[in-house]
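The values are calculated or read from the model by the stated rules, or taken from the named source; none is laboratory data. All of these numbers come straight from a predicted model, not from anything done at the bench. Because the Cβ atoms are built from the backbone with ideal geometry, glycine has one as well, and the counts that use them run over all protein chains shown.
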């Protein structure tokens with residue numbers, strides 16, 4: 001036998017003799033409870049790990065909920081759209097692990113250290129909680145600490161933007177889904193003006209009443225920012241009650257949230273950070289036009305695409321008319337474009 005032939009035969013023998021145990025074991029997809037502590041509060045969440053090879057480090061994303069008492073799955077006491085749970089399912093198909101958690105006032109976490117003094121809870125506390133969640137995700141044995149992303153919905157998108165410029169390691173990707181992209185009270189005023197305009201169109205108010213109400217709304221926003229009592233004159237009862245709540249136990253949160261102008265935060269992002277910003281054409285809570293300034297700021301920060309992606313017919317909860325309970329196809333496509341980069 002020629003020496004070359006013998007070498008080939010020996011190589012084949014080595015391959016044939018390799019034990020089956022050398023092939024990495026496939027670990028099935030699974031959820032597990034994760035607990036981390038921030039500011040004296042135990043925070044509870046769900047880590048979803050897609051199917052993977054044993055020992056493999058996966059890309060991972062922190063999922064951040066919208067405003068109000070929105071829990072780890074994206075649900076509130078009277079509504080269960082499962083927004084974040086569904087986003088986790090979408091990212092699973094791209095082999096991205098996810099962590100979603102019960103923020104203050106929701107789920108197993110509750111108010112935690114703020115239980116006896118809920119009026120002291122402010123927006124920075126939620127940002128610190130999200131930062132602690134990011135660090136918990138970073139330290140999980142299945143995740144790649146250099147391939148972490150942050151995906152936020154609504155107010156959670158604003159928080160994601162803040163984390164993107166401050167956490168370590170910096171996330172290579174941010175998905176801002178229907179983001180709060182202007183100051184909170186400006187967004188509230190915009191929503192209220194739209195509601196009053198529609199009510200006027202339906203004959204509930206006269207044009208003169210509409211003008212008076214609109215002026216009262218703007219005056220109420222100014223009063224809150226100047227730490228003055230809101231004058232309820234000319235405000236419909238429901239709107240007066242809303243501004244009353246903004247001056248009550250939630251006052252500290254409202255003012256601290258309103259202090260953030262999201263476009264200013266874009267400058268802290270690292271150039272070429274992958275950023276997806278979605279806006280639904282049927283989103284009455286966050287109209288696409290409210291993301292114009294943030295989109296321009298992201299461009300000035302030289303971040304990477306996909307950039308702003310308008311979602312035709314999609315509402316604030318990522319649904320369209322044909323998909324009232326699941327993410328619309330346009331949402332799925334945008335997320336896959338983002339996660340597949």
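The residues of region 183-227 that are surrounded by fewer than 16 Cβ atoms within 10 Å (Cβ to Cβ) and either outside any helix (DSSP H, G or I) or at pLDDT below 95 (or both), listed by number, are 202, 203, 204, 206, 226, 227. For region 9-50, the candidate set comprises residues that are in a loop (DSSP other than H, G, I, E, B) and either under 30 Å from residue 336 (Cα atoms) or in contact with a helix residue (DSSP H, G or I) (Cβ under 8 Å, 6 or more places away or on another chain) (or both); within that set, the residue that is modelled with the lowest pLDDT is 23.
Residue 294 - would you say it is surrounded by 17 or more Cβ atoms within 10 Å (Cβ to Cβ), touching a helix residue (DSSP H, G or I) at 6+ places or on another chain (Cβ under 6 Å), touching a residue at least 12 places away in the same chain (Cβ under 8 Å) and within 18 Å of residue 91 (Cα to Cα)?
no
Exactly one residue among 271, 306 is assigned by TED's automatic domain parsing to the domain that holds residue 171 and either surrounded by 14 or more Cβ atoms within 10 Å (Cβ to Cβ) or within 15 Å of residue 160 (Cα to Cα) (or both), and that residue is 306.
Scanning region 159-177 for residues that are more than 17 Å from residue 123 (Cα to Cα) and outside any loop (DSSP other than H, G, I, E, B) yields 173, 174, 175, 176, 177.
When residue 313 is tested against (1) touching a strand residue (DSSP E or B) at 6+ places or on another chain (Cβ under 9 Å); (2) surrounded by fewer than 20 Cβ atoms within 10 Å (Cβ to Cβ); (3) not in a loop (DSSP other than H, G, I, E, B), exactly one condition is not met: (3). When each of 276, 298 is tested for being touching a strand residue (DSSP E or B) at 6+ places or on another chain (Cβ under 6 Å), outside any helix (DSSP H, G or I) and within 19 Å of residue 158 (Cβ to Cβ), the lone residue that passes is 276.
From the list 264, 292, 322, the one residue that fits, being over 17 Å from the mean Cα position of the chain (by Cα) and over 27 Å from residue 188 (Cβ atoms), is 322. When region 245-268 is filtered for residues that are more than 29 Å from residue 339 (Cα to Cα) and loosely packed, with under 15 Cβ neighbours inside 10 Å, the ones remaining, listed by number, are 245, 248, 249, 259. Here residue 53 passes the criteria (1) out of contact with any helix residue (DSSP H, G or I) (no Cβ under 9 Å at 6 or more places or on another chain); (2) closer than 30 Å to residue 248 by Cα except the one numbered (2). In summary, strands (runs of 3 or more DSSP E) completely within region 56-158 and bearing 1 or more residues that are out of contact with any helix residue (DSSP H, G or I) (no Cβ under 8 Å at 6 or more places or on another chain) and surrounded by fewer than 20 Cβ atoms within 10 Å (Cβ to Cβ) occur at 58-64, 143-153. Taken together, the criteria place residue 288 among residues that are without any contact (Cβ under 8 Å) to a residue 40 or more places away in the chain, within 30 Å of residue 96 (Cα to Cα) and assigned by TED's automatic domain parsing to the domain that holds residue 116.
Under the condition of being assigned to a helix (DSSP H, G or I) and buried (at least 17 other Cβ atoms within 10 Å of the Cβ), the residues counted in region 228-239 number 1.
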